[in-house]
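The values are calculated or read from the model by the stated rules, or taken from the named source; none is laboratory data. Because the structure is a prediction, the values reported are computed rather than measured. Every residue, glycine among them, receives a Cβ derived from its backbone with ideal geometry; neighbour counts consider all protein chains shown. Calculation scope for accessible area: heavy atoms of the full protein, side chains included, ligands and nucleic acids excluded. Shrake-Rupley method; radii C 1.70, N 1.55, O 1.52, S 1.80 Å.
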Amino acid sequence: SGSTSNNGGASPYGSSTNPVTLGSGGAGSIQIAGADGGGAAKVDVAGTFILDGIITADGAAGSNDINGSGGGAGGSVNIIVGSFGGAGTVTADGGNGGNGTDRDGGAGGAGRIYIRYTSTTISTSSFNTMVSAIGGSVDNTPDLSVDAVAGGNGSAILLDVGSDTTNFTDADGYIIDG
């Protein structure tokens with residue numbers, strides 16, 4: 001979700017197994033608007049889906065000014081396919097908080113990624129490098145009186161309905177359910 005211009009640090013929201021929620025925009029300051037939140041993408045293919053490009057639902061970074069604006073929250077990516085392959089990437093990262101000379105903006109929380117398939121050519125270790133649902137970061141200039149807060153991490157779930165197994169990842173900042 002979005003964040004305020006002087007603290008922020010939002011946690012993810014919405015369903016982790018049927019993500020459809022847009023990312024909230026970050027909070028603005030007196031001088032500037034907050035950053036846009038991430039979108040929502042859904043792929044529903046009965047046959048084979050090969051991802052060799054990028055699907056992104058990232059929140060935008062906050063702007064820099066006297067008071068930095070908040071970063072936007074990551075959105076949702078929901079992929080339901082028969083066979084899944086490729087070497088592309090899927091992201092729903094939160095936007096970084098903007099840097100301010102008076103106050104830094106808080107960062108946006110990450111979104112949700114859900115991928116369900118009946119067969120795949122992608123290993124679990126490759127999946128860990130293929131997806132990213134990381135909360136935005138903040139600068140926190142040491143001389144500021146109020147520290148901004150980083151965004152919470154989102155979730156990334158890979159469900160193999162063909163073998164009835166679910167692989168969650170918690171490496172590199174991913175968490176099962178925010």
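Below is a table of values for the structure above.
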quantity	calculated
Options Asp44, Asp52, Asp36, Asp65; residue that is under 20 Å from the mean Cα position of the chain (by Cα), open to solvent by 30 Å² or more (accessible area, probe 1.4 Å) and farther than 21 Å from Tyr13 by Cα	Asp52
Matching residues, the range 59-76, being farther than 10 Å from Asn96 by Cα, in contact (Cβ under 8 Å) with a residue 40 or more places away in the chain and assigned to a loop (DSSP other than H, G, I, E, B)	Gly68, Gly74, Gly75
Unmet criterion (only one of (1) of a type outside the set (Phe, Trp, Tyr); (2) modelled with pLDDT of 85 or more; (3) open to solvent by 20 Å² or more (accessible area, probe 1.4 Å); (4) within 15 Å of the chain's Cα centre (by Cα)) for Asp170	(2)
Selection status of Ser83, of a type in the set (S, T, N, Q) and open to solvent by less than 10 Å² (accessible area, probe 1.4 Å)	no
Residue satisfying condition, being modelled with pLDDT of 95 or more and outside any strand (DSSP E or B), within set Asp93, Asp147, Asp143	Asp93
Near pairs, Cβ below 8 angstrom, 6+ apart or cross-chain, from the range 116-130 (within 9 Å of Asp160 (Cβ to Cβ) and modelled with pLDDT of 80 or more) to any residue that is small (Gly, Ala, Ser) and open to solvent by 50 Å² or more (accessible area, probe 1.4 Å)	Tyr117/Gly162; Thr118/Gly162; Ser119/Gly162
Number of the condition not met by Ala10 [criteria: (1) modelled with pLDDT of 95 or more; (2) buried (at least 19 other Cβ atoms within 10 Å of the Cβ); (3) among the hydrophobic types (A, V, I, L, M, F, W, C)]	(1)
